[in-house]
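Written out below as structure tokens is the structure these notes cover.
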């Protein structure tokens with residue numbers, strides 16, 4: 001495996017395809033580099049001579065921003081967009097698609113795994129929650145004194161709404 005700029009490129013592939021293993025070089029740029037270096041594009045990377053490797057390295061170093069510098073530049077551009085609170089920067093901050101893709105469906109690469117909110121879709125789980133709520137709810141009988149309020153205690157589960165109000169009270173019907 002020949003090394004260019006400290007990166008091992010695959011030796012069994014043609015030169016223009018093996019250059020693509022360097023971050024920042026795609027097929028058109030690799031073809032342009034091979035053309036500038038006057039190397040036969042059919043030649044395999046293992047068959048390159050030392051002079052051809054140095055010629056490739058010189059062309060790549062002089063004309064292109066690659067690897068760590070390119071990654072740093074892209075990261076700085078994203079940080080700049082976030083800092084000025086542009087639309088694209090806000091989308092980057094929220095982890096949503098940046099280039100106008102739909103988010104109602106799909107967009108799973110950026111949004112991550114689905115987080116279902118508010119609905120239990122499995123019937124067995126739904127029945128278990130209902131049974132637990134019925135078992136933990138306590139209803140007291142109406143006091144024997146006429147006109148005294150009847151107190152119902154709500155169940156203490158994770159699904160019970162959290163309110164700052166007192167327990168529900170009703171008055172017993174007057175006899």
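Among the residues of segment 12-26, at least one is within 30 Å of residue 112 (Cβ to Cβ), touching a helix residue (DSSP H, G or I) at 6+ places or on another chain (Cβ under 9 Å), free of Cβ contacts under 8 Å to residues at least 24 places away in the same chain and surrounded by 12 or more Cβ atoms within 10 Å (Cβ to Cβ). Residues of segment 27-42 that are touching a helix residue (DSSP H, G or I) at 6+ places or on another chain (Cβ under 6 Å), more than 23 Å from residue 69 (Cβ to Cβ) and modelled with pLDDT of 90 or more: 39 alone. In this entry, residue 39 is excluded by the filter for residues that are part of a loop (DSSP other than H, G, I, E, B) and in contact (Cβ under 8 Å) with a residue 40 or more places away in the chain.
Selection of segment 43-52 for residues being part of a loop (DSSP other than H, G, I, E, B) and either in contact with a helix residue (DSSP H, G or I) (Cβ under 8 Å, 6 or more places away or on another chain) or under 21 Å from residue 69 (Cβ atoms) (or both) yields 43, 48.
Looking for something at pLDDT 90 or above, part of a helix (DSSP H, G or I) and touching a strand residue (DSSP E or B) at 6+ places or on another chain (Cβ under 9 Å) - is there at least one such residue anywhere in segment 80-89? Scanning segment 80-89, I find no residue that is at pLDDT 90 or above, part of a helix (DSSP H, G or I) and touching a strand residue (DSSP E or B) at 6+ places or on another chain (Cβ under 9 Å), so the answer is no. Could you identify the single residue in 135, 131, 124, 75 that is loosely packed, with under 14 Cβ neighbours inside 10 Å, at pLDDT 90 or above and farther than 20 Å from residue 18 by Cα? Exactly one residue qualifies, and that residue is 75.
The values are calculated or read from the model by the stated rules, or taken from the named source; none is laboratory data. From a predicted model like this one, the values you see are computed outputs, not experimental measurements. Don't worry about glycine lacking a Cβ; one is built from the backbone with ideal geometry, like all the others, and counts go over all protein chains shown.
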